[in-house]
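The values are calculated or read from the model by the stated rules, or taken from the named source; none is laboratory data. Computed from a predicted model, the values in this text were never measured in an experiment. Please note: Cβ atoms are built from the backbone with ideal geometry, for glycine as well, and neighbour counts cover all protein chains shown.
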Amino acid sequence: MKFISTMLVALMAILTGCSKEKNPLDEEQFMKQAYLVGSNKSNNEGLSTIKLAYGKSADEEQLSYISVATGGSKNIDRNITATLADAGNASIIRYNFLYRFNGDIKYQMLASSLYRIPEKNVQIKSGDTYGTVPFYIKTAGLHCDSLYAVTVKIASLSDPGYISIRQVDTVLMVSFALTNDYSGNYQAQGKYYKLLNAGPLDTTSIALPRTLKAVNYQTIRFSHLSAGETVATANESGVKVRIADDNSLTITPWGSLVITAGGGTYKPATKVFELWYNYTVSGVTYQFKGKFTRSQA
């Protein structure tokens, strides 16, 4: 019995000693780093595109956010402040060189008067994985076919001995997809027909998708005979529709398509455009009459 008791005491001593050893998973397994969310070059060269609505007035600002995250196997155990700074246009030049070709519209730096980041210090609280600051952009005067970008980097951290700035993918390049209340994908239904002296073969019925592109706060654009909406199709056959406060429509050409008259109504409850317009091709006047119904998201 004395022998068994001695063995039990020895076993307890061994177990007690083992319990005092540290679990390696309790320690940080990787480098603890801070980085801008979306700045990964393997994901579109650090380009992040955000949807923004067109402002009604020149001074109206749209709100977005910039986020700083922390990496590592464990969350931070103290508050960290990351200070942001402008990153210049080097990443924009690089992106244009790599991905934009002859004839393509190039990205350009958004004028500093059109955006602001009033708080440059991003607070990441102990136990959290990221922090955000607001980012304000004036969109009313931006051209719908231009490509604008803002670049941001992390300039410093409040505790560089504890966490470092990631040394790769350091610049976030933010661009914008501009929208309004009317832009998006629609299903077009209607007829094209010769306005005068029409014969039995002079009418064409359509049921096709249409993309309506935001031009400003209350104007959209679509391509007359194309389901897609590009700069090229807009210049050839673009139709511009302005929606008045009473939901009446003013229809004019965007590019070289000759539109002589047009009108209609927008029905906000059902998100339907009922419209018509007259256009001339090779001296012959035609009319389109139909409706565009908003596609379900």
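Only residues that are in contact (Cβ under 8 Å) with a residue 60 or more places away in the chain, hydroxyl-bearing (Ser, Thr, Tyr) and closer than 21 Å to residue 237 by Cβ were counted in the range 266-289, giving 2. Give the residues of the range 160-174 that are surrounded by 15 or more Cβ atoms within 10 Å (Cβ to Cβ) and part of a loop (DSSP other than H, G, I, E, B), sorted by residue number. Scanning the range 160-174 gives 163, 166, 169, 170. Can you find a residue that is without any contact (Cβ under 8 Å) to a residue 12 or more places away in the chain and surrounded by 14 or more Cβ atoms within 10 Å (Cβ to Cβ) anywhere in the range 80-98? Within the range 80-98 (the criterion being without any contact (Cβ under 8 Å) to a residue 12 or more places away in the chain and surrounded by 14 or more Cβ atoms within 10 Å (Cβ to Cβ)), the answer is yes, since at least one residue qualifies.
Quick test for you: out of 127, 141, pick the one residue that is over 30 Å from residue 279 (Cα atoms) and surrounded by fewer than 15 Cβ atoms within 10 Å (Cβ to Cβ). Don't jump to the end; show me each part of the working.
On the way: 141 fails: over 30 Å from residue 279 (Cα atoms).
Of the residues listed, the single one that is over 30 Å from residue 279 (Cα atoms) and surrounded by fewer than 15 Cβ atoms within 10 Å (Cβ to Cβ) is 127.
Does the range 117-131 contain any residue that is under 17 Å from the mean Cα position of the chain (by Cα) and in contact (Cβ under 8 Å) with a residue 12 or more places away in the chain?
Initially, the range 117-131 is screened for residues under 17 Å from the mean Cα position of the chain (by Cα), giving none.
No, every residue in the range 117-131 fails to be under 17 Å from the mean Cα position of the chain (by Cα) and in contact (Cβ under 8 Å) with a residue 12 or more places away in the chain.
Can we say residue 183 is among the hydroxyl-bearing types (Ser, Thr, Tyr) and modelled with pLDDT of 95 or more? Spelling it out, residue 183 is indeed among the hydroxyl-bearing types (Ser, Thr, Tyr) and modelled with pLDDT of 95 or more.
May I ask you to list the residues in the range 141-170 that are hydroxyl-bearing (Ser, Thr, Tyr) and either at pLDDT below 95 or touching a Gly at 6+ places or on another chain (Cβ under 6 Å) (or both)? Let's see the steps before the verdict.
Residues of the range 141-170 hydroxyl-bearing (Ser, Thr, Tyr): 146, 148, 151, 156, 158, 162, 164, 170.
Of everything in the range 141-170, just one residue is hydroxyl-bearing (Ser, Thr, Tyr) and either at pLDDT below 95 or touching a Gly at 6+ places or on another chain (Cβ under 6 Å) (or both), namely 170.
Answer yes or no as to whether residue 62 is surrounded by 16 or more Cβ atoms within 10 Å (Cβ to Cβ), in contact (Cβ under 8 Å) with a residue 24 or more places away in the chain and polar (S, T, N, Q). Yes. Within the range 253-279, the residues that satisfy the criterion of being loosely packed, with under 15 Cβ neighbours inside 10 Å and out of contact with any Ser or Thr (no Cβ under 8 Å at 6 or more places or on another chain) are 261, 267, 268, 269.
Going through 106, 138 one at a time, which residue ends up being under 30 Å from residue 226 (Cβ atoms), in contact with a helix residue (DSSP H, G or I) (Cβ under 6 Å, 6 or more places away or on another chain), of a type in the set (Lys, Arg) and modelled with pLDDT of 95 or more?
Values: 138 fails: under 30 Å from residue 226 (Cβ atoms).
Just one listed residue meets the conditions, 106.
Listed here are the strands (runs of 3 or more DSSP E) enclosed by the range 179-288 that have at least 3 residues being small (Gly, Ala, Ser) and in contact with a strand residue (DSSP E or B) (Cβ under 8 Å, 6 or more places away or on another chain): 184-194, 203-216, 258-267.
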